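The values are calculated or read from the model by the stated rules, or taken from the named source; none is laboratory data. What you see is a predicted model; the values in this text were computed from it and never measured. Methodologically, a virtual Cβ is constructed for each residue, glycine included, from the backbone with ideal geometry; neighbour enumeration extends over all protein chains shown.
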Amino acid sequence: MNIMGQKLECGKALVIGAGIAGLMTARVLSDYYEEVLIVERDLLPTEPESRSGVPQSFHPHRVLPRGRIILERYFPGYVDTLIELGAQPTQGESTITVNKYGSLVNQPADKDASSSRVLLEWVLYQRVKQISNVQFLPNTEVKGLITTDDQQTVTGIYTKSRDELKTESSLTADLVVDAAGRSSKVIKWLEALGQQVPEPEILKVPLGYSTRYYKIPSHVDQNWKSFFYDTQAGEGVSAVMVHRIEDHIAGATIASTGGEHYPSTDITEFEEELKQLVAPEIAEALEQLEPYQGPRGYRLAESVRQHFEKLESWPSGLLVLGDALCSFDPIYGQGMTVASIEAETLAACLEEQISNPQPDFELRVLNRMQQALEPAWWLSSVSDLRWRGVEHVYSEPLKGIAFAQKYIDLYTKKATALALEEGNRALFFTLFMMNGLVLPPREFFNAHLLTMLLNDNGSVEEQRLRAELAEEDPQKFQARIDELIPSFEAAYDDRLKEMLAANYQHAAAE
Ligand SMILES: Cc1cc2nc3c(=O)[nH]c(=O)nc-3n(C[C@H](O)[C@H](O)[C@H](O)COP(=O)(O)OP(=O)(O)OC[C@H]3O[C@@H](n4cnc5c(N)ncnc54)[C@H](O)[C@@H]3O)c2cc1C
């Protein structure tokens, strides 16, 4: 049965990788394919534990509001399961958020839980394992693609077991989905088929993470506040997060963008840096925690958005999604949510294909996924391109970056003042929902809000925004915004807007 309650049978699908993208994809495909097999190079865990194929799982992973909506749709009650397994409920929990205009205490209204990535993946894995037509083939590396003689259709994969026998084998399928993450070999495989892979879009973002975990004694637990130091806050260090995961454990992460500074993994240096960056009450709480694990680092050089849809002739029977299609700067917490959006997009395309079969199904899916991931790519680029050392490398420049940066600056200043002076968080909520990939950017960048922003008594931020505008006639603001900011229309169709608005109003009312 698919999510619409219909029984559909499309044959056999193979998914490469049992990360978040692979699990989401298998969940979606299980509604349409008689058999779904996930081939994973790691041994699969027998309890929530990290594995070598997902080294990033040591570091904090949060799900954005849009991701939560999708995960709840496909894995109903997953937040409750996380909480049952020891994750921390976050509804109403105080979080200190610091940006360059001030420091606010927020209490999330939505039901959610903070956990490690390991526990989240475990919960989704357990759910997928229960689906009768999904099987796993662990400890097996995918080595290449099998195609028809004309190389136009992918019909399966070559595999090699990772045990001492190193058995080489092949598996056939009607659809192969590569969800192998940043280490995907799909480009090499496509090139082996004689394909010329189009240039990817690259955001050169030298990035360093350092994370340390602590046990929280119960007297600190009762008065716990999480802490988020915003990416606009300073030079050198771009974000600091102090948050809870499951089992009364807290994580502290320092992240730096631009490559001029990397946070230390030396215990003393890490603690020194952390103390200087967090609010005094958080520093005091940190002193009472018991060191548990780390600090451990993680470095990345770039975010990469592949443009497979531009390949001269994309082979049928093959799709790519998750980090293998587009990876993001992890600071904005977008990767798992975008992987979920892509899997949901695949479901929508399968529905359409079944009711109205068309040629080039896979190419259409790739095009739709590009449209769906575009707001996330643009929003993280807007933020990252503030930093020295960050560069966008592609034949087509990104639209509206400088204008958006100045607009967001002035907006954040207004939103912070309104929250601090009047306790009104409505403006913040709008920004949060756009960054959470729920609110279409056009509902944030519009003439109505721009008019409100250009009334800041000639502040430096207002002058900068006016300078970007060139056109000062308020009657022409909307036309100017339409010219500057991408519409992202294809990323939010009417059905989606309606569904997201329902969730959005529900969240706003809570
Ligand atoms: C430091 C850091 C922090 C992050 N924080 C966040 C966050 O807060 N929120 C968020 O949403 N995202 C975050 N991300 C991004 C997030 O980890 C990914 O976007 C997300 O996991 C989706 O990835 P994926 O499933 O495509 O790939 P992965 O999660 O990397 O999974 C790929 C899987 O494929 C398997 N595999 C690879 N090659 C083969 C092969 N040849 N054969 C068989 N199996 C194979 C691997 O073993 C692995 O299991 C962060 C990333 C980093 C680096």
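In region 140-156, the residues that are over 20 Å from Thr167 (Cβ atoms) reach residues that are outside any strand (DSSP E or B) and polar (S, T, N, Q) with C-beta atoms within less than 8 angstrom, at least six apart or across chains, in these pairs: Gln152/Ser313; Thr155/Thr148. When Ala324, Ala283 are checked against the criterion of being at pLDDT below 95 and either away from the ligand (no atom under 16 Å from the Cβ) or closer than 30 Å to Phe361 by Cβ (or both), a single residue qualifies: Ala283. Scanning region 265-272 turns up at least one residue that is at pLDDT 95 or above, within 20 Å of His59 (Cβ to Cβ) and assigned to a loop (DSSP other than H, G, I, E, B).
A single member of Ala372, Ala348, Ala376 is free of Cβ contacts under 8 Å to residues at least 24 places away in the same chain, under 27 Å from Ala501 (Cα atoms) and assigned by TED's automatic domain parsing to the domain that holds Leu319, and it is Ala348.
Restricting attention to region 328-346 and to residues that are among the small types (Gly, Ala, Ser) and crowded, with 23+ Cβ neighbours inside 10 Å, the residue that is nearest to the ligand (Cβ to nearest atom) turns out to be Gly335.
For region 68-103, which residues satisfy the criterion of being touching a residue at least 40 places away in the same chain (Cβ under 8 Å), small (Gly, Ala, Ser) and within 19 Å of Arg244 (Cβ to Cβ)? Matches in region 68-103: Gly86, Ala87, Ser94. Contact map, region 256-280: residues that are more than 18 Å from Ile331 (Cβ to Cβ) paired with residues that are among the aliphatic types (A, V, I, L, M), Cβ distance under 6 Å, separation 6+ or inter-chain. Pairs shown: Lys275/Ala283; Ala279/Ile96. Please go through region 22-63 and give me each residue that is farther than 16 Å from Ala339 by Cβ and in contact with a Gly (Cβ under 7 Å, 6 or more places away or on another chain), ordered by number. Across region 22-63, the qualifying residues are Tyr33, Glu34, Arg41, Asp42, Pro60.
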